[in-house]
Every structure is written in C-alpha cells, then in structure tokens.
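Heads up, the thing below is written out as structure tokens.
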Amino acid sequence: MKDYKKSTIYQIYPKSFCDSNGDGIGDIRGIISKLDYIKSLGVDYIWSTPFFTSPLHDNGYDVENYREINPVFGTMEDVEELIAKAGERGIGIMLDMVFNHTSTQHEWFQKALKGDKTYMDYYIFKDGTPDTPPTNWQSKFGGSAWEYVSSLKKWYLHLFDTTQADLNWDNPSVREELKEILRFWMAKGVKGFRFDVVNLISKPEVLEDDETGDGRKFYSDGPHVHEYLKELSADTGMENYITVGEMSSTNIDHCIRYSNPDEKELSMCFNFHHLKVDYKDGDKWELMQPDYRRLKELFEIWQTRMEQQNGWNALFWCNHDQPRIVSRLGNEKEYWKESAKMLATFIHMLRGTPYIYQGEELGMTNPGYSDIRAYRDVESIHYYNILKNKGKTEQEALEILSQRSRDNGRSPMQWDSGKYAGFSEQEPWISAPENHTFINVEAEEQDKDSILNFYRKLISLRKRYGVIQEGTVQFIDQKQPELLVYMRTMKGQKLLVASNFSGHEIVPEEPLSFAGGECLICNYPQRDREDRIEVLRPYESIVLFCAEST
Ligand code: GLC
Ligand code: CA
C-alpha cells in the first residue's frame, strides 16, 4: 500500500501561520520555529500554500516566478532549511503548484504584452473589439473572464483575477516549462505537490458562449486534462511523489481517473461538493441552512464509488478558501468542543487521506469581522460590491461575508492569549478574533480534553488501525438526516462510526448494535454500553471497533 494512504497532511497558509520578524506577516522562518509543534501532531506531510514571488493580489496564487521566494516570506535558504528540518522530523514538504495561470507580472506574460508571439502563445489571447469579450464566460471572482489589452487589440482569458492569466496548456512549450519547475523543486527535496485548480487547465479548441452558465462546463475536466496530467507525471517521475489535485466543479468519474493508480495521474483529489450543501441554488453568496440529507448522500456516493473503482479521496473540511467548519456545521458556542471533535472524527475515520488546516486542530472559528475594512481577500471585496449592486443592504452583505468570505480561514493562527494571539509582535495583516484568549495552542496543550489533543488521538488511530487506512466503507441508512453512520471493514477488523450533526439528541430508529465492540474514541465521557448505541447526545460521535477472531 502506498504511503499516502496511511498519512495525514497538515496545511499551512504561511501568511497567517507565524511571523518570525515582526512585520505582521507570517513567514517561512515562522514555520520552521513551529516544526516541533507540527511534529507533535503526528502528521506526515506539510502542504504549504505558495510563497513564490508574487504581487500577492491573490495571496501568492498569482505567481511571478516559480523558482524564487517572495522576500516577504523569506529566502531560498529558508525554504531549503524548512525542507531539511521537516525531513529530520520525518515530515515531507508538499508545495503548491499554481499551473493553471500565472501572475500578469510573470516574465512570460510581460513578454506577451510586448507582442512577443512565442509568449503570446503561452496564454489564451483572442482577437476582438474593446466592447465585446470573446465569450460571455465569468471569472470565478466575479465579472468577465476576459481582459482587453488595447496595445495588442486582443483579449486574454483569466478564470480568476484579471492579474491571473490562464496558461495555454495546448502549447507543448508551456508543458515543458512546467515540468522543469517540478524538476527544480524535486531536486530540492520536496516530497509532494498540490496542484491548484488543475482540472481547469485544458480549454476547448473553439471557445463559445455559455447559454446556461458561467462557462465552467466547457473547461472543467476539459478535453485533454487527463492526457496532460499523464504526460506531466511520466516526464517528471511524479509517480514517486505524493500529489493532490484541487478539482473545481468536477465529478466522480473524472476523479476516479485522476486518482486511480493505474492511470498514473495523481495520488488523490480534492472536490468541493460536500462544502456546497449550504449554498442556496448552488450560489455561494446566498445563505442557506445546511442540507444534511444531501451531505450524507454526497459522502456516501464519493466514498463508495471511489472505493469500487480504486480512486482515492483527499478528506477535508477546511482550507484557506473555506470558512471554519465549527462555525459552519458545528456550534461554536454551546457545543464548541463537542461539535469540533465530532466533525473531526467523521472526516478522519473515512477512507482517504485527511487534511488538517492550521488552527482546525484548535477548533478555530470564523473571526466574525463586522466591518468591510477588516477584509483583505480580492474575492470578498469584489463580491461585497457585487452584492450591494444587486440590492443587498450593507448589513446583509456583511452578514454574507462573515459566513462565506475566504478570510474566515485566513485569520492569524492562535498560538497564545497574547495581544496578537502569539502570531506576531506587531499588528497582523489581518486581525485575530477575540476568542484567541481561550482558543489557542498554549491553552489546549494544558487541557487533556482539548480539541488539539483529540486531533492527536485521531491521527494516531489512523497509524495504528489498518481498517482506518484500508477498510471498505458502507453507509448505514438512518431516518434522521443529521445522523450519519458508516462502517469500515477489513480482514477481521470492523469499525462503526456514528455522528450526530445536530444540537439535539437523536434516537436511532433501531439501536446501533455492534457485538464485541469497544470504544476507540468518543467526544463525550465514556458510555455505559459500548456494543449498543441507543441515543446520541448533541453533536456526539462514537467510534466502535471490533476485531473478529478468525
Ligand atoms: C484555488 C486556490 C485559491 C485561489 C485559486 C486561484 O482555488 O485555493 O486560493 O484563489 O485557486 O489560484
Ligand atoms: Ca514576517
């Protein structure tokens, strides 16, 4: 079995993790200073979001040079030291490769702007007049996906910000350049890669208007995407690295192909369907109560189909683009600890590779910013204006942002109860919520029953039990939408995982019985009987284990 199937990955957003030099911005030396903490979690890899040179319009997802380190974050020596020191602790570094687009500051784009034909063909330029974009496609950050360059009399495609120009993967030279970048980092000793929105790299030859949507149906999992990933892998030896693709608006059939080892594309995929169950009509910017029936259905489908066809899921609730899960599907007030632990248990016992996003292991919450000036993210600021133009009041727009903004996941990591949460000596680039006085590493180290120590236990269970790594998955039907129950089975080992996603007690229609069961982990004090569950307390989660003697 491949190593990634036993692993747990810790995601770091450097800008918000730890500031070593008091400029209010997290940096690489900050990460180095916290390696012992990360090691203490028991994780196997660190995935860091980009720290390459960049104008930071999208916090580093707009790369100017893939081989240089942004001085804000440190130097190449710092990165080498990070790789080495993590390695000494048995932790591999995974880098974030943003290969769908570059910053418009990238040398290639700058040359293209000057009319250099070679480099114009690195991007997607189309002829046109200033008033009509080539298609009606929309940028993921709002507005047209096209930007006009008057000196060239052409438009270029940007699925994200105007400063993030999409690369033309149909050009073999582009693919060669990107392979070289991978080789460069492989030679530095990194152990893996996360590929940003990698299922968007292949656009159709002929671009047309989307009569029913924003254009995504034409380029998500596009015509040559599998071919290009196979080529990237074959030509760089990527197969020996742990790789994960971020897949935007994808489907299971494609994810099976991306992650089935026989296809030699990637180790695993992130998909986001389970994080849209509270989007009204699929719109992130319209609030809705989570649809738990749908949540259950999605996990069941993705877990079972990926298993049947030998695909592999990246398991996660949080990342730098998502609100904090305890504020979203849990209850950050009365059941803060219970709900954070339940959500963690549910994810960590599934089939796949779990990812923990910095601060998730503390039960960090959305920061609850109530003023537009507290926000930093391009997407949030665009949408604040879009929402107001659509007729939402200031209050409504701010309420939506406080639940949906990507900045919810970007507030400073909470290390202690000090003025700036122990993140920095100076005022951070984005502010930390009040609750850092009790939600922080220092406080949770002291508390045996903390969310932090609970995560440590979950991570160590995956290491110890083959059934968590490899077992098959079966969801067990329950009448109540908020009760999610699944079994994992492997050669004589069985696991039952029951989770109550609600703030009230749930009595299952039939008691869940599990002969010979012992409790591996529960977020409430011990139960009377461990082989029979008659009621689940608010946000309770229980994992029962049974080794069948053969
Ligand atoms: C991914 C990243 C996100 C970024 C976008 C464009 O979704 O996670 O932060 O803005 O790609 O690169
Ligand atoms: Ca700094």
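The values are calculated or read from the model by the stated rules, or taken from the named source; none is laboratory data. From a predicted model like this one, the values you see are computed outputs, not experimental measurements. Note: ideal-geometry Cβ built from the backbone for every residue, glycine included; neighbour counts use all protein chains shown. The protein model used for the area step is the full one, side chains on, heavy atoms only, and it has no ligands, DNA or RNA in it. Shrake-Rupley method; radii C 1.70, N 1.55, O 1.52, S 1.80 Å.
If I ask for residues that are more than 17 Å from Ile181 (Cα to Cα) and out of contact with any Asp or Glu (no Cβ under 7 Å at 6 or more places or on another chain), which ones from the range 84-108 would you list? Across the range 84-108, the qualifying residues are Ala84, Lys85, Ala86, Gly87, Glu88, Arg89, Gly90, Thr104.
Apart from one condition, Tyr384 fits all of (1) of a type outside the set (Val, Ile, Thr); (2) within 16 Å of ligand 1 (Cβ to nearest atom); (3) open to solvent by 10 Å² or more (accessible area, probe 1.4 Å); the exception is (2).
In the range 66-80, which residue that is in contact (Cβ under 8 Å) with a residue 60 or more places away in the chain and away from ligand 2 (no atom under 16 Å from the Cβ) is nearest to Gly189 (Cα to Cα)?
We begin by selecting, within the range 66-80, every residue in contact (Cβ under 8 Å) with a residue 60 or more places away in the chain; these are 66-67, 79-80.
Okay, now just the ones that are also away from ligand 2 (no atom under 16 Å from the Cβ), so 66-67, 80.
Working: Tyr66: 16, Arg67: 14, Glu80: 8 Å.
Per the stated criteria, the residue is Glu80.
For residues that are surrounded by 16 or more Cβ atoms within 10 Å (Cβ to Cβ), within 16 Å of ligand 1 (Cβ to nearest atom) and not aromatic (Phe, Trp, Tyr), scanning just the range 139-153, find the one that is farthest from Leu387 (Cα to Cα). Restricting to residues being surrounded by 16 or more Cβ atoms within 10 Å (Cβ to Cβ), within 16 Å of ligand 1 (Cβ to nearest atom) and not aromatic (Phe, Trp, Tyr), the top hit is Glu147.
Among the residues that make up the range 278-299, is at least one of them of a type outside the set (Gly, Ala, Ser), assigned to a helix (DSSP H, G or I) and under 25 Å from Leu232 (Cβ atoms)? Before the answer, list the steps.
Let us first name the residues in the range 278-299 that are of a type outside the set (Gly, Ala, Ser), namely 278-281, 283-299.
Next cut, assigned to a helix (DSSP H, G or I) only: 292-299.
Within this subset, residues satisfying the condition of being under 25 Å from Leu232 (Cβ atoms) are none.
The answer is no, given that none of the residues of the range 278-299 is of a type outside the set (Gly, Ala, Ser), assigned to a helix (DSSP H, G or I) and under 25 Å from Leu232 (Cβ atoms).
Only one of the listed residues (Ile356, Ile400) is of a type in the set (Val, Ile, Thr) and either over 15 Å from His320 (Cβ atoms) or not assigned by TED's automatic domain parsing to the domain that holds Ser431 (or both). That residue is Ile400.
Given the condition open to solvent by 20 Å² or more (accessible area, probe 1.4 Å) and of a type in the set (Phe, Trp, Tyr), answer yes or no: does some residue in the range 231-246 qualify? Yes, the range 231-246 contains a residue that is open to solvent by 20 Å² or more (accessible area, probe 1.4 Å) and of a type in the set (Phe, Trp, Tyr).
Hey, does the range 318-328 have a residue that's among the hydrophobic types (A, V, I, L, M, F, W, C), closer than 19 Å to Ile430 by Cα, surrounded by fewer than 20 Cβ atoms within 10 Å (Cβ to Cβ) and not assigned by TED's automatic domain parsing to the domain that holds Gln474?
Just the residues of the range 318-328 that are among the hydrophobic types (A, V, I, L, M, F, W, C), to begin with: 318, 325-326.
Still in the running and closer than 19 Å to Ile430 by Cα: 318.
Still in the list and also surrounded by fewer than 20 Cβ atoms within 10 Å (Cβ to Cβ): none.
No, that holds for no residue.
Does Pro50 satisfy the criteria of being under 18 Å from the mean Cα position of the chain (by Cα), within 16 Å of ligand 1 (Cβ to nearest atom) and either among the β-branched types (Val, Ile, Thr) or on the phi < 0 side of the Ramachandran plot (or both)?
Details: under 18 Å from the mean Cα position of the chain (by Cα): yes; within 16 Å of ligand 1 (Cβ to nearest atom): yes; either among the β-branched types (Val, Ile, Thr) or on the phi < 0 side of the Ramachandran plot (or both): yes.
The answer is yes for Pro50.
Within the range 234-292, the residues that satisfy the criterion of being within 16 Å of ligand 1 (Cβ to nearest atom) and of a type in the set (D, E, K, R) are Glu246, Lys276, Lys284.
Conditions (1) modelled with pLDDT under 95; (2) among the small types (Gly, Ala, Ser); (3) more than 16 Å from ligand 1 (Cβ to nearest atom), marked per residue:
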| site | (1), (2), (3) |
| --- | --- |
| Met1 | yes, no, yes |
| Ser20 | no, yes, yes |
| Ile25 | no, no, yes |
| Leu41 | no, no, yes |
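Does Asp449 fit the bill of being under 30 Å from Tyr4 (Cα atoms), open to solvent by less than 10 Å² (accessible area, probe 1.4 Å) and among the charged types (D, E, K, R)?
Numbers: under 30 Å from Tyr4 (Cα atoms): yes; open to solvent by less than 10 Å² (accessible area, probe 1.4 Å): no; among the charged types (D, E, K, R): yes.
No, not satisfied.
In the set Ile83, Ile93, only one residue is under 30 Å from Ser380 (Cα atoms) and more than 16 Å from ligand 2 (Cβ to nearest atom); that residue is Ile93. When Asp214 is tested against (1) in a loop (DSSP other than H, G, I, E, B); (2) within 16 Å of ligand 1 (Cβ to nearest atom); (3) open to solvent by less than 10 Å² (accessible area, probe 1.4 Å), exactly one condition is not met: (3).
In the range 523-540, which residues are out of contact with any Lys or Arg (no Cβ under 7 Å at 6 or more places or on another chain) and hydroxyl-bearing (Ser, Thr, Tyr)? Before the answer, list the steps.
In the first step, residues of the range 523-540 are kept if they are out of contact with any Lys or Arg (no Cβ under 7 Å at 6 or more places or on another chain); the result is 525-540.
Within the range 523-540, Tyr539 is the sole residue that qualifies.
Within the group Gly471, Gly466, Gly517, which residue is surrounded by fewer than 19 Cβ atoms within 10 Å (Cβ to Cβ) and in contact (Cβ under 8 Å) with a residue 12 or more places away in the chain?
On the way: Gly471 fails: surrounded by fewer than 19 Cβ atoms within 10 Å (Cβ to Cβ); Gly517 fails: surrounded by fewer than 19 Cβ atoms within 10 Å (Cβ to Cβ).
Answer to the check: Gly466.
When the criteria are applied in full, Ser370 meets the requirement of being more than 16 Å from ligand 2 (Cβ to nearest atom), among the hydroxyl-bearing types (Ser, Thr, Tyr), part of a loop (DSSP other than H, G, I, E, B) and open to solvent by 10 Å² or more (accessible area, probe 1.4 Å). Before we move on, is Asp221 in contact with a helix residue (DSSP H, G or I) (Cβ under 7 Å, 6 or more places away or on another chain) and away from ligand 1 (no atom under 16 Å from the Cβ)? It is false that Asp221 is in contact with a helix residue (DSSP H, G or I) (Cβ under 7 Å, 6 or more places away or on another chain) and away from ligand 1 (no atom under 16 Å from the Cβ).
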